[in-house]
Every structure is written in C-alpha cells, then in structure tokens.
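Structure, as structure tokens:
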Amino acid sequence: MKDTLTVIHERTSVRHYTPQPVTDADIETLLRAAMAAPTSKNKQPWRFVVVSQETAKHTLAAHLPYAAMLRDAPLAIVVCGDTRVHTDESAISWVMDCAAATENLLLAAQAINLGAVWTGVYPYPDRIQTVQHTLQLPAHIIPLNIVAIGHPAKPARPKDKWNPTKIQRIENN
Ligand SMILES: Cc1cc2nc3c(=O)[nH]c(=O)nc-3n(C[C@H](O)[C@H](O)[C@H](O)COP(=O)(O)O)c2cc1C
C-alpha cells in the first residue's frame, strides 16, 4: 500500500482511460474514502450518484463544457450536496463538505491505481440544471462536480505546484 504523502503527490487529473470497467469493490473503496471526509457539524450532507450507463454519460459529456472525457470514462461519480441539511447561515457548508469528500475520492482513486478528474458543475446554473435533468435529481440535491474515473490509458505525470511565495509566516521574534 502506498503511503499517504506519496498518493497526495502522485495524484494528477487523468482524462484518458482504457475500456476496463471499474469493479464494484473499487467503487466501494472510493465511496468509503469520500464519506470519511470531515464535514461541518458532522452533518455529511452528501449524495453520490454512481453512473456507468452509457446513455447518461454520453448526455452529460455532450452538454457539459470541459467534460468530454465522460464519454470514454467507464465510470462517473456525481458528488452532490443536500441543501436541506444545513439550514442556518452555514447553508453553503455542503460545498466545502462535498469538496473535501471529492478530494478524498480522488486520492483513493490514485491509491488504487485508477485515474480520475474533477469536472466542475457548481456554481454554474446551466450545468447544475443539465445534471439534475439528466439524472433526475430533486431540486434540493445540487451537483458539485462529476468525477470521471477509469484505468489510466497512459502514465500521468503530476504537476509540481510547490511555491514558497504563497506562504506567509507569523512567528515569534
Ligand atoms: C473546482 C474544480 C473544477 C474543475 N473543473 C474541471 C473541468 O470541468 N474539466 C476538467 O477537465 N478539469 C477540471 N478540473 C481539474 C483541474 O483542471 C485540475 O485539477 C488542474 O488543472 C490541476 O491539475 P492536476 O489535477 O493534474 O493537479 C477542475 C478542478 C477543480 C478543483
């Protein structure tokens, strides 16, 4: 098993896949990792729509900008927030909670040698409507993203994003 930091630094967006399906065991591994994420007040306001149906993937690929890879991805997991869960001024917390879940999912994919990419849905109203309509989601279930997943068609090289100028230190003298 790869260690955590290796997985974090190896992860990169993968947009080309072989036709090999993702097994149910692997899907459960990804979803267990997603649901292990931290959430505000431990409310876990997420829903995960697991899409392997060709018609649905093709419709999403055709109507969402920057998500053409969904056509060839054996699997798509749509990470959604249930807007009924947080009701007060923390209503938008589902976005952070679902983003944390998504990163866990992406890292789990890397850990089991799958390739994945986050394709953006929220906050674009037209994309949200397309996904809700295609997957017949109720209005209170808002898709944050669609993660395309499969076995990488070729080795992927992570980008080096280390940039010390992004860091500010507040220290004792
Ligand atoms: C909020 C968000 C939205 C994104 N939307 C898309 C998208 O619609 N299509 C896509 O191909 N990649 C998308 N990405 C992936 C980014 O392009 C990618 O993470 C970024 O270029 C850095 O590359 P890396 O993931 O390989 O480190 C998105 C990532 C995030 C976090």
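The values are calculated or read from the model by the stated rules, or taken from the named source; none is laboratory data. Computed from a predicted model, the values in this text were never measured in an experiment. Quick reminder, even Gly has a Cβ in these numbers, built from the backbone with ideal geometry, and neighbours come from all protein chains shown.
For this structure, a couple of remarks:
- Taking each residue of segment 117-129 that is closer than 14 Å to LEU60 by Cα and looking for partners that are among the aromatic types (Phe, Trp, Tyr) and more than 8 Å from the ligand (Cβ to nearest atom) with beta-carbon atoms closer than 7 Å, six or more apart or interchain, yields ILE128/TYR122.
- Condition check for LYS57 on (1) buried (at least 18 other Cβ atoms within 10 Å of the Cβ); (2) within 14 Å of ILE142 (Cβ to Cβ); (3) over 14 Å from the mean Cα position of the chain (by Cα): one failure, at (2).
- For THR130, the conditions (1) closer than 23 Å to ALA33 by Cα; (2) surrounded by 18 or more Cβ atoms within 10 Å (Cβ to Cβ) all hold with the exception of (1).
- In segment 77-87, the condition of being out of contact with any His (no Cβ under 7 Å at 6 or more places or on another chain), under 16 Å from THR119 (Cα atoms) and either among the polar types (S, T, N, Q) or part of a loop (DSSP other than H, G, I, E, B) (or both) is met by no residue.
- Unique match (being in contact with a helix residue (DSSP H, G or I) (Cβ under 7 Å, 6 or more places away or on another chain), within 14 Å of the ligand (Cβ to nearest atom) and closer than 30 Å to TRP162 by Cβ) among VAL95, VAL79: VAL79
- Filtered residues of segment 106-119 (kept if in contact with a strand residue (DSSP E or B) (Cβ under 6 Å, 6 or more places away or on another chain) and within 25 Å of SER40 (Cα to Cα)): LEU106, ALA109, VAL117, TRP118, THR119
- Among (1) within 15 Å of the chain's Cα centre (by Cα); (2) of a type outside the set (Asp, Glu); (3) more than 12 Å from the ligand (Cβ to nearest atom) - the single one HIS140 does not satisfy: (1)
- Any hit, segment 56-72, residues being of a type outside the set (Ser, Thr, Tyr) and away from the ligand (no atom under 16 Å from the Cβ): yes
- Segment 98-121, subset crowded, with 20+ Cβ neighbours inside 10 Å and among the polar types (S, T, N, Q), residue farthest from the ligand (Cβ to nearest atom): GLN110
- The set of residues from segment 116-154 being in a loop (DSSP other than H, G, I, E, B) and either among the β-branched types (Val, Ile, Thr) or modelled with pLDDT under 95 (or both) comprises just one member, VAL121.
- Taken as a whole, the structure places ASP160 among residues that are within 13 Å of the ligand (Cβ to nearest atom) and assigned to a loop (DSSP other than H, G, I, E, B).
- Residues in segment 138-160 that are under 19 Å from SER93 (Cα atoms) and among the hydrophobic types (A, V, I, L, M, F, W, C): ALA139, ILE141, ILE142, LEU144, ILE146.
- Which numbered condition ALA101 fails, given (1) in contact (Cβ under 8 Å) with a residue 12 or more places away in the chain; (2) among the aliphatic types (A, V, I, L, M); (3) out of contact with any Phe, Trp or Tyr (no Cβ under 6 Å at 6 or more places or on another chain): (3)
- Exactly one residue among ALA156, ALA101, ALA148, ALA111 is of a type in the set (Gly, Ala, Ser) and closer than 18 Å to SER52 by Cβ, and that residue is ALA148.
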